[in-house]
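Working notes for the structure below.
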Amino acid sequence: MTKYDIVENLAKERKVEKFIDNTTKTSRFDLDDLANDIYMSLLEKDDDLITGLYERGELDYWIAKMI
């Protein structure tokens, strides 16, 4: 699975939005902006970093750290 596949699946599941909603009290507009920033940041990271985090089951922790 490529970095792009991983981020696409996260977006389809709205996983980042769920993390943000569970950890912050923010407006819908701010939530969507932050989620988009995180998706873009993930896409800008090195392919091996994202795929490695995903394969080790650590990507959720990385996203939580970014939030």
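Averaged per residue, what accessible area in Å² does the chain show with a 1.4 Å probe, protein chains only?
On the way: 4550 Å² over 67 residues.
Spelled out: the 1.4 Å probe surface of the chain, per residue, equals 68 Å².
Let me know the Kirkwood hydrodynamic radius for the chain, please, with Cα pairs as the basis and the value in Å to one decimal.
Values: mean 1/r = 0.0834 Å⁻¹.
Result for the chain stands at 12.0 Å.
Which trypsin sites (Lys or Arg not before Pro) in the chain pass both tests, a DSSP loop state and at most 10 other beta-carbon atoms within 10 Å? Kindly include the intermediate steps, with their values, before the conclusion.
Numbers: sites: 3, 12, 14, 15, 18, 25, 28, 45, 56, 65; in loops: 14, 25, 45, 56.
Hits after loop and neighbour filter: 25, 56.
Taking 22 Å as R0, compute the FRET efficiency from the Cβ-Cβ separation of residue 65 and residue 12 and round it to 0.05.
On the way: r = 22 Å, r/R0 = 1.01.
The pair residue 65/residue 12 has a calculated efficiency of 0.50.
When the Karplus curve 6.51 cos²θ - 1.76 cosθ + 1.60 is applied with θ = phi - 60°, which whole-Hz ³J(HN,Hα) does each residue of the range 35-47 get, with x for Gly and Pro?
Those phi angles translate into 4, 4, 4, 5, 4, 5, 4, 4, 5, 7, 6, 4, 4 Hz.
From the phi angles alone, apply the Karplus equation (6.51, -1.76, 1.60; θ = phi - 60°) to the range 3-17 and give each ³J(HN,Hα) in whole Hz, x where the residue is Gly or Pro.
Values per residue, Gly and Pro as x: 4, 5, 5, 5, 5, 4, 5, 4, 5, 5, 7, 6, 5, 5, 4 Hz.
The values are calculated or read from the model by the stated rules, or taken from the named source; none is laboratory data. On a predicted model such as this, the values are computed, not experimentally measured, just so you know. All Cβ positions, glycine included, derive from the backbone under ideal geometry; neighbour counts span all protein chains shown. When the accessible area is computed, the model is the full protein with side chains, heavy atoms only, and any ligands, DNA or RNA have been set aside. Shrake-Rupley method; radii C 1.70, N 1.55, O 1.52, S 1.80 Å.
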